[in-house]
Amino acid sequence: MSDFDYSHLDGKLLQLLLAILDAQSITGAAQRLGVTQSAVSHLLGKLRQITGDPLFVKCGRGIVPTARAEALALHARLLLDDMRRFAAGDEFHPATLHTTFCIAANDFQRDLLLPPLLQRLRSQAPGVRLRVMPSDVPRAEMLREGECQLVISPRPPDASDILHKRLFEDDYRVFYDATVREAPLRLADYQVAEHVSVLYSPRRPLDVDQQLAARGVERRFAVTVPSFAGIPAFLRGSNILATLPGLLARSLMQGFAHCPLPARVGRMPMYMIWHLKHRHDPAHSWLRRELEQVVAEVLAGDERA
């Protein structure tokens, strides 16, 4: 461990670490930073003294980061974000915001929450736009690498730099076409029927399907589809059943009858998920607060229905 005075650490050294890491060369880092190679080498030597680690070692004709350098890079990005916020101050005015928020959500969360969220955001910040991408089974890299700024999913990635907050829980319901069949109120009726469900890539079933299988509830699947959006077409006019989050009755599954699931399973949680680097960002904090308000309104409407 180095006994070098850590107070010598500054933003330029943090930028240097990231520049070398991204460029994988002293020359490339110098070009990015607009300084000479000798200046980069001098500052790298200072950073090595502070950290007590070589940080980068030769590999063939280039250099590669040590494990310590890769670990420090995450902290460096967070510290630089904090420095930028320190310089910019805490004032935030949504009306002056011009940006695009990218939110990852599958069709259930997307259709339920994002249209009213866009309305709330645009009422305060006309310059805000949304870009929506599928979350599938969320990966921490989606947030680390900036593919999106927020994920809405029942499955938060397990990573120390990923934050999440529960938005709501939903009960599973059994959906069916009441013009073709009756409600499967008994477990025997439920098991003898054919089913449709969602199977995410690569072969990741819904949590409720995993829970039912673990409890020994055997079912025959007539078809699996890659998203909730594919289910209505297979349900309509058939005696097939679909076991889905109950709130889908307000959007995608409107027009279908539904009944309680005749087997005990846990409720489905839903989280908003973001990267640690956005923890103090005023625009991102505003986005999260507005999403929570949308959830409160949606759930209040569900209670009245």
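Worth a mention:
- 2 or more residues of a type in the set (F, W, Y) and either surrounded by 16 or more Cβ atoms within 10 Å (Cβ to Cβ) or modelled with pLDDT under 95 (or both): qualifying strands (runs of 3 or more DSSP E) within the range 145-243: 172-176
- Scanning the range 244-264 for residues that are more than 24 Å from the chain's Cα centre (by Cα), of a type outside the set (A, V, I, L, M), surrounded by 15 or more Cβ atoms within 10 Å (Cβ to Cβ) and not in a strand (DSSP E or B) turns up F256, P262.
- Checking each residue in the range 264-294 for being in contact with a helix residue (DSSP H, G or I) (Cβ under 6 Å, 6 or more places away or on another chain) and under 30 Å from V192 (Cα atoms) picks out only V265.
- Some residue of the range 116-125 being within 24 Å of V198 (Cβ to Cβ) and open to solvent by 60 Å² or more (accessible area, probe 1.4 Å): no
- If the condition is being open to solvent by less than 10 Å² (accessible area, probe 1.4 Å) and at pLDDT below 90, then the range 126-138 contributes only S135.
- Which listed residue is of a type in the set (S, T, Y) and within 30 Å of H280 (Cα to Cα), from S160, S197: S160
The values are calculated or read from the model by the stated rules, or taken from the named source; none is laboratory data. All values reported here derive from a predicted model rather than from experimental measurement. Because the Cβ atoms are built from the backbone with ideal geometry, glycine has one as well, and the counts that use them run over all protein chains shown. Ligands, DNA and RNA are excluded from the accessible area calculation, which covers all protein heavy atoms including side chains. Shrake-Rupley method; radii C 1.70, N 1.55, O 1.52, S 1.80 Å.
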